[in-house]
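Below you'll find the structure, written out as structure tokens, and then a few comments.
The values are calculated or read from the model by the stated rules, or taken from the named source; none is laboratory data. All values derive from a computational prediction rather than experimental measurement. Every residue, glycine as well, gets a Cβ built from its backbone with ideal geometry; the counts of neighbours run over all protein chains shown. Surface accessibility is based on the protein's heavy atoms, side chains included, excluding ligands, DNA and RNA. Shrake-Rupley method; radii C 1.70, N 1.55, O 1.52, S 1.80 Å.
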Amino acid sequence: MANVVLPDPDATLAQTATAFRRWLTELAAELEPFRHEVAEELDLAYARFRPLQRLLWDHGWHRLGWANEVGGLGGTPLHRYVVAEELAAAGYVNPGIHGSIEIIAPMLVRFAPGLAEHHVPVGVRGDEVWCQGFSEPDAGSDLGSLRTRAVVDGEGFRINGQKMWSSNGHIASWCCLLARTGEAADGYRGLTMFWVDLSSTGVRVVPTKLESGSSDTSEIFFDDVYVPNTHLIGDVGQGWPVVMYLMQFERGAYAWGRQADLHTQLTELIRDHADEFPTDADEIVGDTYLTLLGLRSRCRDTIGELAAGNDLGPAFSIDKILLSTAEQTVTEGARKLLHPRLELAADDDPVAELWRSRWSFSRITTIYGGAGEVQRDLVAERLLGLPRGR
Ligand SMILES: Cc1cc2nc3c(=O)[nH]c(=O)nc-3n(C[C@H](O)[C@H](O)[C@H](O)COP(=O)(O)OP(=O)(O)OC[C@H]3O[C@@H](n4cnc5c(N)ncnc54)[C@H](O)[C@@H]3O)c2cc1C
């Protein structure tokens with residue numbers, strides 16, 4: 001693009017934040033459509049925020065922290081985490097799809113550099129959507145029992161099975177799929193991660209309507225789907241370490257982006273609706289704010305560790321627990337502060353509608369990315385060394 005001055009990957013984090021804020025001010029008119037979140041279906045939200053992803057790519061902000069090999073400008077991942085927080089703090093809606101990029105792209109970079117070279121730039125600039133295919137009807141918390149099979153066929157594999165709850169599934173063009181290449185008795189061993197083209201013959205994607213009314217997840221059926229060896233993520237049989245690597249970003253880096261969004265949601269709620277708040281509002285706002293600050297403090301350390309390339313082990317379960325607690329505290333706080341609008345207002349009240357959909361979504365934050373009870377078990381057993389309860 002002509003006349004675009006790309007950000008400096010050698011700048012300090014404070015300098016990056018300042019430069020990004022200046023850019024936001026200069027482009028305020030162009031960015032205005034990306035300021036307002038509304039309750040809407042995923043495909044509509046993607047279409048609406050895709051130009052923002054493109055703009056952030058073209059102006060280099062979303063290229064910070066990615067290596068040159070994948071279209072990045074260099075710098076550390078902390079640069080782009082700072083950009084995410086500043087974007088939210090300025091009242092813009094983080095392109096939602098970008099959350100899944102921050103989870104999946106680091107895995108591609110680490111375990112499938114050839115695939116990353118092509119797909120990371122295309123995904124980060126908003127031109128394709130990716131999803132995760134891990135959970136199955138009989139395998140969620142216990143992925144070791146998954147049954148989708150991949151069998152060697154010439155220079156690739158044939159895949160048969162069913163995945164469910166794949167976020168973004170019906171708008172995704174690629175899926176990172178965990179399948180069994182070993183024996184069922186191998187459990188967590190004998191799993192392999194694949195990068196599957198969802199336009200392949202034999203793939204069928206069926207959206208699932210959630211209680212919130214939106215179709216954010218899908219079932220994906222694989223009927224003799226061919227995947228070439230070049231689309232392996234990591235080695236055959238290494239699926240478990242690969243998915244655990246991804247989970248650090250799903251439970252850690254994703255939480256950083258969400259805390260930034262939640263801070264802005266709370267700030268805007270207070271700014272726009274304080275005159276309707278009940279008499280005990282100070283206590284509700286105080287509790288909510290403290291929960292968010294706790295999450296932010298934790299996530300700040302976590303993204304530092306991730307940026308340094310350190311393995312977090314089971315510690316990222318703490319971020320996941322704090323995030324789901326914060327999601328539910330903020331939305332429950334909003335419900336009380338706006339009472340009785342969430343319960344009683346009609347669908348044509350956009351504020352009630354938006355907070356209702358956020359409230360519904362917050363209920364599932366203790367399920368996706370790993371159920372809350374399982375995260376607590378991991379913290380108890382593997383971090384605190386408490387005796388196993390079963
Ligand atoms: C909105 C949403 C988005 C999702 N996105 C994706 C996605 O993109 N990709 C994907 O692969 N999956 C996705 N999932 C699936 C999600 O990861 C699983 O639902 C989750 O891991 C729980 O698995 P399950 O549903 O099979 O429940 P189960 O594992 O059957 O758990 C049922 C209950 O038993 C409890 N439980 C199970 N095991 C234990 C244990 N060892 N100790 C204590 N309690 C236990 C659980 O806490 C839970 O309360 C998504 C789910 C939702 C709701």
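Checked against (1) surrounded by fewer than 22 Cβ atoms within 10 Å (Cβ to Cβ); (2) more than 20 Å from the chain's Cα centre (by Cα), L337 meets all criteria but (1). For segment 343-380: of the residues being open to solvent by 50 Å² or more (accessible area, probe 1.4 Å) and more than 25 Å from I321 (Cβ to Cβ), which is nearest to the chain's Cα centre (by Cα)? For segment 343-380, the residue satisfying everything is E353.
Flag: F194 matches the condition of being among the aromatic types (F, W, Y), surrounded by 23 or more Cβ atoms within 10 Å (Cβ to Cβ) and out of contact with any Lys or Arg (no Cβ under 9 Å at 6 or more places or on another chain). Evaluate segment 123-137: report whether one residue or more is of a type in the set (S, T, Y), within 15 Å of the ligand (Cβ to nearest atom) and modelled with pLDDT under 95. Checked segment 123-137: no residue is of a type in the set (S, T, Y), within 15 Å of the ligand (Cβ to nearest atom) and modelled with pLDDT under 95.
Of the numbered criteria (1) more than 16 Å from the ligand (Cβ to nearest atom); (2) small (G, A, S); (3) open to solvent by 40 Å² or more (accessible area, probe 1.4 Å), the one G202 fails is (3). Within segment 374-387, residues that are in contact (Cβ under 8 Å) with a residue 40 or more places away in the chain reach partners that are charged (D, E, K, R) and assigned to a helix (DSSP H, G or I) with beta carbons closer than 6 Å, at six or more positions or on different chains, in the pairs Q375/K320. Would you check which residues across segment 66-97 are open to solvent by 10 Å² or more (accessible area, probe 1.4 Å) and either small (G, A, S) or in the same structural domain as A308 (by TED's automatic domain parsing) (or both) and list them? Once the filter is applied, which keeps residues that are open to solvent by 10 Å² or more (accessible area, probe 1.4 Å) and either small (G, A, S) or in the same structural domain as A308 (by TED's automatic domain parsing) (or both), segment 66-97 yields A67, G71, G74, G75, A84, A89, A90, G96.
Restricting to segment 145-184, and then to whatever is in a helix (DSSP H, G or I) and open to solvent by 10 Å² or more (accessible area, probe 1.4 Å), can you tell me which residue is farthest from the ligand (Cβ to nearest atom)? Looking at residues that are in a helix (DSSP H, G or I) and open to solvent by 10 Å² or more (accessible area, probe 1.4 Å), I get A184.
Residue-by-condition table, conditions (1) under 16 Å from A105 (Cβ atoms); (2) in contact with a strand residue (DSSP E or B) (Cβ under 9 Å, 6 or more places away or on another chain); (3) assigned to a loop (DSSP other than H, G, I, E, B):
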residue	(1), (2), (3)
F194	no, yes, no
S200	no, yes, yes
S214	no, no, yes
S218	no, yes, no
F222	no, yes, no
V243	yes, yes, no
F249	yes, no, no
A253	yes, no, no
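Restricted to segment 314-368, the set of helices (runs of 4 or more DSSP H) holding at least 2 residues that are among the acidic types (D, E) comprises 316-337. Does N310 count as farther than 24 Å from V83 by Cα and not assigned by TED's automatic domain parsing to the domain that holds I103? So N310 does not fit the description; no. For segment 108-138, a tally of residues being in contact (Cβ under 8 Å) with a residue 40 or more places away in the chain, part of a strand (DSSP E or B) and either touching a Pro at 6+ places or on another chain (Cβ under 7 Å) or open to solvent by 10 Å² or more (accessible area, probe 1.4 Å) (or both) returns 1. Within segment 98-107, can one find any residue that is open to solvent by 40 Å² or more (accessible area, probe 1.4 Å) and either not β-branched (V, I, T) or not assigned by TED's automatic domain parsing to the domain that holds I303 (or both)? The answer is no; no qualifying residue exists. Inspection of segment 178-186 finds no residue satisfying the criterion of being touching a residue at least 40 places away in the same chain (Cβ under 8 Å) and of a type in the set (K, R).
The residue of segment 356-373 that is nearest to the ligand (Cβ to nearest atom), among those that are closer than 20 Å to Q265 by Cα and in contact (Cβ under 8 Å) with a residue 60 or more places away in the chain, is I364.
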